[in-house]
Amino acid sequence: STVLPRQPMRERWRPLLAAALALAAVALLVFVLRPLWPRLGELVEQARALDPAWVFLVALLYLPFCALLLPGSWVTIFCCLVWGFWPTFPAIVLASNLGAALAFVLGRTLLGARVLAWCAARPKFAAVQQAIGAESFRLVFLLRLTPLVPFNALNYLLGVTPLRFRPYALGTFLGMLPGTALNCYTLASVRDLAPILSGKLPPDPLGVAGIVARIALTLVATVLVTRRARAALAGTLS
């Protein structure tokens, strides 16, 4: 009879780790986020009474969200609705970059084999993986500017490339900065508009027009930045 080679210890507990992460994601959705959803308005009002420094603690939810492939945009939305643009913007920049670094390290170490198998079945991801070199700062920067690959998936994808951590971290930081600023600015503008729409403040035509104009200009800027980044990225990957 043929004796199969014994799997290394790391290979044997990788599926268990993946299953544990999946169960943690489901538990987070079912037992934490879902019960809070009907009370979101009340929760926002209570959070506004807290010291603004709390935004940095709340923003750290980006770390488990990034590791579990959950959308961290909910963290940005909540923080902007509670605290506005400042200090949400620096808190989200710090937390999202820490979350991206955590997922990158997990993709390079514990979950590397699973990420490689996941990428192999997706031609778009495989093309990005083949194009990334050890010093691909420009490519990382462009990938962060355009949603060609979702944020959380890109963190793991780049972890299984030859890319060094330094260009990854710098490209991630600079590439995400414009999008984070535009998102926070838009959501902070919606926060300013909410009391008027709910009838808590008398409508000021000029004030409302100014807020709507801010939101519209921010969305236009986001589209323009994304288009230019996508065009530059297409030339790099072709």
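Laboratory data are not the source of any read-out in this text; all were calculated from the coordinates shown. Nothing here was measured: the structure is a model prediction, and the numbers come from that model. For neighbour counting, all protein chains shown are included, and Cβ atoms are generated from backbone atoms with ideal geometry for every residue, glycine included.
So here's what we get for this one:
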read-out: Förster-model FRET efficiency, 41 Å R0, ARG114 and LEU50, C-beta, rounded to 0.05; value: 0.60
read-out: Point-to-point label distance, TRP86-ALA131, nm (Cα→Cβ direction, 7 Å offset); value: 3.8 nm
read-out: Extension gain from PHE165 to VAL105, taking 0.36 nm per residue of separation minus the Cα-Cα distance; value: 20.7 nm
read-out: Residue (of ALA169, ASN152, PHE125) at the positive-pole extreme of the range 118-192, dipole from beta-carbon charges; value: PHE125
